[in-house]
Number of protein chains: 2
Amino acid sequence: MSDTNTRVPSVLAHELPRPVPMDELAACPASEVFRRVGDKWSMLVVILLGGRAHRYNELHRAIEGISQRMLTRTLRGLEDDGLVWRHVHPTVPPGVEYGLTELGVSLLEPLSALADWAVRHAPEMAEARGAEAPGAETRAAEARRAEARRAEG
Amino acid sequence: MSDTNTRVPSVLAHELPRPVPMDELAACPASEVFRRVGDKWSMLVVILLGGRAHRYNELHRAIEGISQRMLTRTLRGLEDDGLVWRHVHPTVPPGVEYGLTELGVSLLEPLSALADWAVRHAPEMAEARGAEAPGAETRAAEARRAEARRAEG
DNA sequence: CAGAATCCCCCGAGATACTG
DNA sequence: CAGTATCTCGGGGGATTCTG
């Protein structure tokens, strides 16, 4: 990936005119990060920790729906990536705190940009896919679309 | 999710002081979008189509590694989300073109911000997790970290 | 309190073969 | 050319139980 600090490859500079350099992107760190962003809990934890440091059970209660297993694994992953620090207070019932490293904090910005985009454009996406209430109707909508495609193509 | 166009909830404004409103975020479109970002091919396709419109096999060749099934499913998903359009040229061997909708184009910006972050901070992440060459050493590193944790906590 | 271990299930995703 | 149809497998992720 050549030169990192001065001139960033900026593969995605969204003016990109060229056929897109796959090697620079597919094999490159973006995929890895995208994957983390996509997993079910990581970014949620990052956001929570972006507010302030939390203890384990504090996170567990705050997130609601996550299993202990997944919370632990998620934290481990983020810690391994250097996004989250972990500090053990050697008290009698042990207390473990988690928080964002500087690296983790720096992620907050592009992440919030993406989240803001999501919030802003949610209505358009909802409209695009049929907009009717979720549930049985969704399948009906998909069926209609498939059929529309058949008629068209 | 209240008011969307004037004052965006901006849940993630990274100064966020409050305990983080889970309801506004967890159940909200961000998760959905994050998931899309995380899936193996979607964002790659978006980026490719960000350069210019492509035909099906053109994408298939460009991406290298994607199966027909996955390419089709990915395109379908993006189309359903309103990020990608699809146009069938009623020629004799059928020709189908895909491209980004306006919505899709608008995604390019936050997406590139995230990718740029990834490229910029890849070294730090690599260093954080041990930095040795991938493969068997990775497991050794993980083992070391686990042991370090045991010794510490 | 903060996990580790174990079991289990579902589905994302690849391989392969066939088609209008 | 641009798909669809099946089969298959690995792993992401949940529920439950046990422990320092």
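The values are calculated or read from the model by the stated rules, or taken from the named source; none is laboratory data. Just so we're clear, the structure is a prediction, and the values are computed from it rather than from any experiment. Every residue, glycine among them, receives a Cβ derived from its backbone with ideal geometry; neighbour counts consider all protein chains shown. With ligands, DNA and RNA removed, areas are computed over all heavy atoms of the protein, side chains included. Shrake-Rupley method; radii C 1.70, N 1.55, O 1.52, S 1.80 Å.
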(request) State the Cα centre-to-centre distance between the range A:70-122 and the range B:65-101 in whole Å. (result) 36
(request) Kindly state, to the nearest 0.05, the FRET efficiency for B:SER67 paired with A:HIS89, given R0 = 45 Å and r defined as their beta-carbon distance. (result) 0.35
(message) Going by amide H atoms built from the backbone, whose H comes under 5 Å of the H on A:ARG55, apart from near neighbours?
(response) A:TYR98
(message) Can you pull out the GluC sites (Glu not before Pro) in the range A:38-81 whose DSSP state is coil and whose Cβ has at most 16 other Cβ atoms within 10 Å?
(response) A:GLU64
(request) Compute the label-point distances linking B:HIS60 to its equivalents in the other copies; points lie 7 Å from Cα along Cα→Cβ; give nm, one decimal, shortest first. (result) 5.0
(message) Taking the full set of protein chains and a 1.4 angstrom probe, give the accessible area of A:ARG86 in square angstrom, rounded to the nearest 10.
(response) 50
(message) Probe radius 1.4 Å, ligands and nucleic acids left out: which of B:ARG76, A:ARG129 has the largest accessible area, and how do the rest follow?
(response) A:ARG129, B:ARG76
